[in-house]
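Comments concern the structure below.
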Amino acid sequence: MLTTNLVLILALTVLVLGLAVTAFYLIRHSQPGGTIKVSEGYVQVDGGKVWYEVTGKGLKTPLVLLHGGPGAPGYYLEPMKALGEDRKLVFYHQIGCGKSD
């Protein structure tokens, strides 16, 4: 049991460190103004309005970026805009988060 818990903790630590290194790399290598904001707005759904932003350029497969957990607005995903050099990116805020109702 103890070994299983240690392996799980080690795996989660490696995952978190990997995500932190990736985010740091993207922040350091992102070019301000390097992507193109295509559109931003709201979509009316049951329960309120959902905010979205479409950005990026290129023909590669588009990415939809989902922020984690209720109440988290997703502003920490901004460095991911560096991925928009060759594809469109779609950001949105869940109901009850960020710019959404």
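Consider GLY34 carefully, then state whether it is modelled with pLDDT of 80 or more, in a loop (DSSP other than H, G, I, E, B) and of a type in the set (Gly, Ala, Ser). Taking the combined requirement at face value, the residue does not satisfy it. What about LEU63, is it at pLDDT below 85 and either closer than 15 Å to VAL38 by Cβ or basic (Lys, Arg) (or both)? So LEU63 does not fit the description; no.
Scanning region 66-75 for any residue that is under 12 Å from the mean Cα position of the chain (by Cα), modelled with pLDDT of 75 or more and either of a type in the set (A, V, I, L, M, F, W, C) or surrounded by 11 or more Cβ atoms within 10 Å (Cβ to Cβ) (or both) turns up at least one such residue. Name the residues in region 78-92 that are buried (at least 19 other Cβ atoms within 10 Å of the Cβ) and touching a Gly at 6+ places or on another chain (Cβ under 6 Å), would you? GLY84, LYS88, LEU89, listed by residue number.
The values are calculated or read from the model by the stated rules, or taken from the named source; none is laboratory data. Fair warning: this is a prediction, and the values are worked out from it, not measured in the lab. Counting neighbours? That spans all protein chains shown, and the Cβs are built from the backbone with ideal geometry, glycine included.
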